[in-house]
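The values are calculated or read from the model by the stated rules, or taken from the named source; none is laboratory data. Here the structure is a predicted model, which means the values were calculated and not measured. Here the Cβ positions follow ideal geometry from the backbone for every residue, glycine too, while neighbour counts run over all protein chains shown. We work out accessible area using only protein heavy atoms, side chains counted, and drop any ligands, DNA or RNA first. Shrake-Rupley method; radii C 1.70, N 1.55, O 1.52, S 1.80 Å.
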Amino acid sequence: MKRTDNQSKFDALRKEFSTFTFESQMIKREGGTLSLAFDFNLDDRYYFRPTLEIPARPFFDWDSISEEKLQALAFQIGMTELVSYWKIACPKKVVVKPFALTEKQKAFWKKLYYNGLGEFLYLNGISISESELMIVQSERNQEFDKVVLPLLEKTLVPIGGGKDSVVTLECLRNAMPVTPLIVNPRGATLNCVKTAGYNDDEFIVINRTLDPTMLKLNAEGYLNGHTPFSALLAFISVLAAFGSRSKYIALSNENSANESTVPGTNINHQYSKSIEFESDFRNYVAENLNPEVQYFSFLRPLSELQIAKLFSQCEAYHPVFRSCNAGSKTDSWCGKCPKCLFTWIILSPFLSREKLVAIFGKDLMADESLRPILEELNGTAAVKPFECVGTVEEVNACLKAAGISTGSVTATFAKVPEPVEGPTVDEILSRFNTNHFLPEKFEQILKSRLHV
């Protein structure tokens, strides 16, 4: 992805706009449906109102949660949403009105904003330290309440429509009560949960809307870029966990998500999927909301390669899963992006060329136009793609295996350097990373699927 020198625009906008304000939030309970809205204000010139709707389900019990507790849970979502709107002009001061924040809480949010915007800052050519990025001020003395509620041995599994969440769902759904959760349903997410056998009233839907004023300002040339969506998903999942009385939230972020996108830096497209964020988030929830909630990534011990092997065995999902962001609106594989090429490569040790062509609609390894993307994936280029893709060593292990077995890689991409020395596919498949937060019973389920 091309970098732009927007430092001067950044500096000019910070002079023009001084304050971003989180004015208020609204909660409405009606017919079992929970609706949230957040009011943001940029220097009394632009106003934003993003919304969230959670349609009624038989297992939700919103009415027995007090208004104060719901306000506390909603506030965390608002604090995460605001960074998408703040980044339009990046004013130096952020004023938070709904609740007071302690210094420790402010530090959590400032770290999340800074690291979650790492890609945004890098691609816009903006140089600034975490301490300089913003000042967060509270205008109220009242802190939000903790949320003390009984939680049951139930698990929420957010579904993104790709191979990773399918593996989590398949590993867990026959071992315990599991409820899938989907933000803004689309073809692949709906098809995946229905392939798993869930009816419409058996999974959670979150309808999130962006304020059109933000989209208008983006089109007019204000600052734009990647924000930490997975952090927003984390706080939405906590709200849904309390509504459904679920103790566990099992994400599908793999060990590979910890690798920096820009080598030698902390800039990571997947920061809010990393073990660092997961640790910070767990501590924040335990200290400020409820220590009973267990948020963790079920796939954290695994590499993308190990997940691909497990997914290759989930044949019912092969026609319906989608990992392509470019094709998400049309529920298709674009066949031209890093996600498409990476998914082909990581599945190639386990699925035949014929099966891969059936999934993607063409032979991606025969497409010469994908050479620059391959060079980003295999470490030949200086920077990895700003996408949720696996590590360089995983890609090279797959390329080496494909080149040795069929010659397809060297024949197709003749000028691409041979994969560098590194672990083989079998060596990577034998690993089990112990740096994770899986409760013991979840770890045992995963190990049993891996035959460890």
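Numerical summary
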| quantity | calculated |
| --- | --- |
| Angle between the chain longest axis and helix 275-288 axis [Cα atoms, degrees, rounded to 10] | 30 |
| Å² of accessible area per residue within the chain, as computed with a 1.4 Å probe and no ligands counted | 40 |
| Qualifying lysines (Cα of each under 25 Å from Cα of Lys355; at least 8 residues distant if same chain) | Lys163, Lys194, Lys309, Lys329, Lys336, Lys339, Lys400 |
| Candidate lysines for bridging to Lys15, where Cα separation is under 19 Å - those fewer than 8 sequence places away on the same chain excluded | Lys87, Lys92, Lys93 |
| Rh by Kirkwood over Cα pairs, then Stokes-Einstein D for the range 132-232 at 0.890 mPa s and 25 °C, µm²/s | 142 |
| 15 Å beta-carbon shell around Phe108, net charge (K/R +1, D/E -1) | -2 |
| Separation in nanometres of the label points that stand 7 Å from Cα toward Cβ, at Glu292 and Thr424 | 5.0 |
| Fully extended contour minus Cα-Cα distance, from His451 to Lys362, at 0.36 nm per residue | 28.7 nm |
| Portion, in percent, of the accessible area of the range 287-370 that falls on carbon or sulfur, probe 1.4 Å | 50 |
| Per-residue HN-Hα couplings for the range 66-79 [Karplus 6.51, -1.76, 1.60; θ = phi - 60°; Hz; x = Gly/Pro] | 5, 4, 4, 5, 5, 4, 5, 5, 5, 4, 5, 5, x, 5 |
| Cα-projected label distance for Glu440 with Glu30, points at 7 Å along beta-carbon direction, nm | 4.8 |
| Förster radius 56 Å - calculated FRET efficiency between Ser352 and Arg140, Cβ distance, rounded to 0.05 | 0.35 |
| Expected-Rg normalisation [2.2 N^0.38 Å, Cα atoms] applied to the range 195-236 | 1.73 |
| Mean shadow area of the range 33-103 over all directions, Cα convex hull, nm² | 5.9 |
| Theoretical ellipticity at 222 nm over the chain - DSSP helices of four or more residues, -39500 (n - 2.57) apiece, nearest 500 | -11500 deg cm²/dmol |
| Reciprocal mean inverse distance between Cα atoms of the range 96-135 - Kirkwood radius, Å | 11.1 |
| Inverse of mean 1/r across different Cα pairs in the range 270-328, Kirkwood, Å | 14.1 |
| Nearest-0.05 FRET efficiency for Glu315 and Ser127, computed from C-beta distance (R0 41 Å) | 0.25 |
| Placed amide H near Ser246: partners under 5 Å, 5+ positions off or other chain | Leu152 |
| Distance between the range 62-97 and the range 308-337 - C-alpha centres, whole angstrom | 33 |
| For the range 208-327, diffusion coefficient by Stokes-Einstein and Kirkwood Rh (Cα), 10 °C, 1.306 mPa s, µm²/s | 94 |
| Residues whose placed amide H lies under 5 Å from that of Ser297, excluding near-sequence neighbours | Leu251, Phe437 |
| Placed amide H near Ile206: partners under 5 Å, 5+ positions off or other chain | Ile182, Val183, Asn184 |
| C-alpha center-to-center spacing [the range 231-303, the range 25-42] in angstrom | 24 |
| Mean separation of Cα contacts under 8 Å (6+ apart) over length of the chain, as relative contact order % | 15 |
| Karplus-derived 3J(HN,Hα), 6.51/-1.76/1.60, for each residue of the range 229-240, Hz, glycine and proline x | 4, 5, 5, 4, 4, 4, 6, 4, 5, 5, 4, 5 |
| DSSP bridge orientation in the chain - percent antiparallel, rounded to nearest 5 | 45 |
| For the range 79-201, the fraction of alpha-carbon pairs in successive 5 Å shells from zero, as % | 2, 8, 15, 13, 10, 12, 15, 14, 9, 3 |
| Between the range 116-179 and the range 345-398, the Cα center-to-center distance that results, in Å | 28 |
| Listed residue (Phe17, Leu52, Phe38) projecting farthest to the positive dipole end of the range 1-104, Cβ model | Phe17 |
| Dimensionless Rg ratio for the chain, taking C-alpha atoms and the 2.2 N^0.38 Å reference | 0.99 |
| Hz values of 3J(HN,Hα) by residue in the range 441-449 - Karplus curve (6.51, -1.76, 1.60), Gly and Pro given as x | 5, 6, 4, 5, 4, 5, 4, 5, 6 |
